[in-house]
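See below for the structure under consideration.
The values are calculated or read from the model by the stated rules, or taken from the named source; none is laboratory data. The model shown is predicted, which means the values in this text are computed figures rather than measured ones. Here Cβ is always computed from backbone atoms with ideal geometry, including for glycine, and neighbour counts include all displayed protein chains.
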Amino acid sequence: DAGITQSPRHKVTETGTPVTLRCHQTENHRYMYWYRQDPGHGLRLIHYSYGVKDTDKGEVSDGYSVSRSKTEDFLLTLESATSSQTSVYFCAISLLPGNYEQYFGPGTRLTVT
Amino acid sequence: AQTVTQSQPEMSVQEAETVTLSCTYDTSENNYYLFWYKQPPSRQMILVIRQEAYKQQNATENRFSVNFQKAAKSFSLKISDSQLGDTAMYFCAFMNYRSNDYKLSFGAGTTVTVRA
């Protein structure tokens, strides 16, 4: 399972509240990703990181921010949650360099009421 | 952005039979990777198989094999001798490894149900 954990696994929150999701890896991989999964869309990239303090936006980054202060942790923050951010969120790591495969955490189901 | 299309929202197959899932993609790149991921009801995303575009030989992993047609931009997955544990949603994904982000672009998924 590539040593990836996500917390919390489930969360229900109210519109307008801040929410932080955590991704933790145990194997010092450089590249980490946050995707969201919605019906009819597959998974879409929110943000990614290519090292400590090195992050960039994906295709659906509006309303989200990320931080990576340690190699092992990649945080996703919803500054003010909206109902459109109700989704399942997956963290992934890449085995780069040399291997382009990505492995995923167990996912976090977030419901914004 | 790359476009990945899975035209079959749902498929059903009898146990021990074969099922083929289709995937097409749009790219102007010549070098890239393609993947199939499986997502069972547990929600975990599991890598099933990968294909490097520069390799002409189709990838195979046990009962899973692909038919990679580069000119047609097609990447289908064949599941042979289907088992009840193959029931899952399957996602096709594309990666342009010349980009800086090495991100995956996913199709919408195909739900496969294996009947006993």
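Taking the options B:24, B:111, name whichever one is in contact (Cβ under 8 Å) with a residue 40 or more places away in the chain, surrounded by 14 or more Cβ atoms within 10 Å (Cβ to Cβ) and within 13 Å of another protein chain (Cβ to nearest Cβ).
B:111
Of the residues that sit in the range B:88-105 and are closer than 15 Å to residue B:49 by Cβ and modelled with pLDDT of 95 or more, which one is nearest to the chain's Cα centre (by Cα)?
B:92
Identify the single condition in (1) surrounded by 15 or more Cβ atoms within 10 Å (Cβ to Cβ); (2) part of a strand (DSSP E or B) that residue A:69 does not satisfy, given that it satisfies every other one.
For residue A:69, the failing item is (1).
All but one of (1) closer than 30 Å to residue B:51 by Cβ; (2) away from chain B (no Cβ under 12 Å) hold for residue A:17, so report the exception by its number.
Residue A:17 satisfies all of (1) closer than 30 Å to residue B:51 by Cβ; (2) away from chain B (no Cβ under 12 Å) except (1).
In the range A:1-46, which residue that is in a loop (DSSP other than H, G, I, E, B) and free of Cβ contacts under 8 Å to residues at least 24 places away in the same chain is nearest to residue B:102 (Cα to Cα)?
Here the answer is A:41.
Only one of A:105, A:58 is touching a His at 6+ places or on another chain (Cβ under 8 Å), within 16 Å of residue A:33 (Cβ to Cβ) and facing chain B (nearest Cβ under 10 Å). Can you tell me which?
Checking each option against the conditions leaves just A:58.
For every residue, the table says whether it meets (1) more than 26 Å from residue A:106 (Cα to Cα); (2) among the β-branched types (Val, Ile, Thr); (3) in contact with a Cys (Cβ under 6 Å, 6 or more places away or on another chain); (4) surrounded by 15 or more Cβ atoms within 10 Å (Cβ to Cβ).
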position: B:38; (1), (2), (3), (4): no, no, no, yes
position: B:42; (1), (2), (3), (4): no, no, no, no
position: B:47; (1), (2), (3), (4): no, no, no, yes
position: B:51; (1), (2), (3), (4): no, no, no, yes
position: B:55; (1), (2), (3), (4): yes, no, no, no
position: B:63; (1), (2), (3), (4): no, no, no, no
position: B:69; (1), (2), (3), (4): yes, no, no, no
position: B:79; (1), (2), (3), (4): no, yes, no, yes
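Right, residue B:29: within 14 Å of another protein chain (Cβ to nearest Cβ), more than 15 Å from the chain's Cα centre (by Cα) and more than 22 Å from residue A:40 (Cβ to Cβ) or not?
yes
Picking from A:60, A:88, which residue would you name as being in contact with a strand residue (DSSP E or B) (Cβ under 6 Å, 6 or more places away or on another chain) and outside any loop (DSSP other than H, G, I, E, B)?
Criteria check complete, one pass: A:88.
Please identify the pairs in which a residue from the range B:96-107 that is over 10 Å from residue A:100 (Cα atoms) and more than 7 Å from chain A (Cβ to nearest Cβ) has its Cβ atom under 8 Å from the Cβ atom of a residue that is among the hydrophobic types (A, V, I, L, M, F, W, C) and in a loop (DSSP other than H, G, I, E, B), counting only partners at least 6 apart or on another chain.
B:105/B:1
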